[in-house]
Amino acid sequence: MSGKKTPADIDQYITFKPEYNWNYEIGMHSQPIKGRLFADMAVFLIDSRNQQIVTYTNIGGRTVQNAGRSQSKGVEASLRALFTDNLSASLSYGYTDATFTQYTVNNQAGQTVSYRGNHIPFAPQHTVALSADYSIPVNASLIDRLVINAQGTGVGRIYWNESNSVSQAFYTLVNGRITAEKGNVRFGLWAKNALNTNYQVFYFTSMSNEFAQKGKPAQYGVELN
């Protein structure tokens, strides 16, 4: 406590209650084109009571506190297609609406603040992933096969605090890989975040200061297995 007298409300910083969840989900699996097209979908509802969330104190450091109640509801869907023996692709999407249904706190001014209806921090509203793989038989003296993979992902919006005053907008990342295979040997060229998207993966405030962690920039590499 930085040499200060222990505050009367110390219990709210060093103790928290168990979290309880009721989870409801219904889904389906299907093959619209047998052996070629596969589909999955699910809808869900999570009812949380005394949800444990991490908060940062005004004297530095972080603590676990309980939100009164929250709900997360949404849908997840995916498609996977085998166009040929050498070409496949997949697409997945998820939507989550995660909000507080009961959560009040006392701010530094001694006022009671309600976060009812606000989005839960660190829960992305949308997640998207698209990928494709193409295999090219070569049967040459140095290469048996080339495999090309492309992938795109999207995430957001992500709220960083309970007041929803700071957030990361929806962003996309593009990754790719080309692999040459010969027997048990694989040589690959790869790229991550090829478009050098600028985004944040973490944010918090402590002692009236704001801190953010940036996502990794464009990366390129080679590997041999």
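The values are calculated or read from the model by the stated rules, or taken from the named source; none is laboratory data. Since the structure is predicted, the reported quantities are computational estimates derived from the model, not experimental observations. Cβ placement follows ideal geometry from the backbone for every residue including glycine, while neighbour counts extend to all protein chains displayed. Calculation scope for accessible area: heavy atoms of the full protein, side chains included, ligands and nucleic acids excluded. Shrake-Rupley method; radii C 1.70, N 1.55, O 1.52, S 1.80 Å.
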Report summary line: Counting only protein heavy atoms and rolling a 1.4 Å probe, one gets per residue an accessible area for the chain in Å² of 65
Report task. Write down the percent of antiparallel bridges among all DSSP beta bridges whose residues are both part of segment 11-128, to the nearest 5. Result -> 100
Query raised in the report: Share of segment 155-225's accessible area from carbon and sulfur, percent, 1.4 Å?
Result: 54
Query raised in the report: Candidates [x] 1.09; [y] 1.37; [z] 0.97; which is the computed Cα Rg over 2.2 N^0.38 Å?
Result: [y]
Report summary line: the chain, Gaussian network, Cα under 10 Å: of Lys214, Lys73, Lys34, the residue fluctuating most is Lys34
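At a 1.4 Å probe, what is the % contribution of carbon and sulfur to the accessible area of segment 1-143?
Reported share for carbon and sulfur atoms: 55 percent.
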Report task. Treating only the Cβ atoms of Lys and Arg (+1) and Asp and Glu (-1) as charged, compute the dipole magnitude of the chain about its Cα centre; round to the nearest 20 debye. Result -> 240
**Report entry** Sequence-distant residues sharing a close amide H with Ala123 (under 5 Å, placed H)
**Finding:** Tyr159
Query raised in the report: Among the lysines, which fall within straight-line cross-link reach of Lys216, defined as a Cα-Cα distance under 16 Å, with same-chain neighbours fewer than 8 residues apart omitted?
Result: Lys192
Query - For segment 111-225: relative contact order, % (alpha-carbon pairs under 8 angstrom, 6 or more apart) - result: 20
Query - Helix-only mean residue ellipticity at 222 nm for the chain, each DSSP H run of n ≥ 4 adding -39500 (n - 2.57), per residue, nearest 500 - result: -500 deg cm²/dmol
**Report entry** Rel. contact order, % - alpha carbon contacts under 8 angstrom, at least six apart, the chain
**Finding:** 12
Query raised in the report: When the Karplus curve 6.51 cos²θ - 1.76 cosθ + 1.60 is applied with θ = phi - 60°, which whole-Hz ³J(HN,Hα) does each residue of segment 19-33 get, with x for Gly and Pro?
Result: 9, 10, 10, 10, 10, 10, 8, 9, x, 8, 10, 8, 10, x, 10
Report task. Report the residue, chosen from Ile14, Ile148, Ile120, that carries the largest GNM mean-square fluctuation when the chain is represented by alpha-carbon nodes joined by springs under 10 Å. Result -> Ile14
Query raised in the report: What spacing in nm lies between the two simple spin-label points modelled at Ala39 and Glu19, each 7 Å away from Cα in the Cβ direction?
Result: 3.4
Report task. Report the relative contact order of segment 49-140, percent, no decimals, based on alpha-carbon pairs under 8 angstrom and at least 6 residues apart. Result -> 25
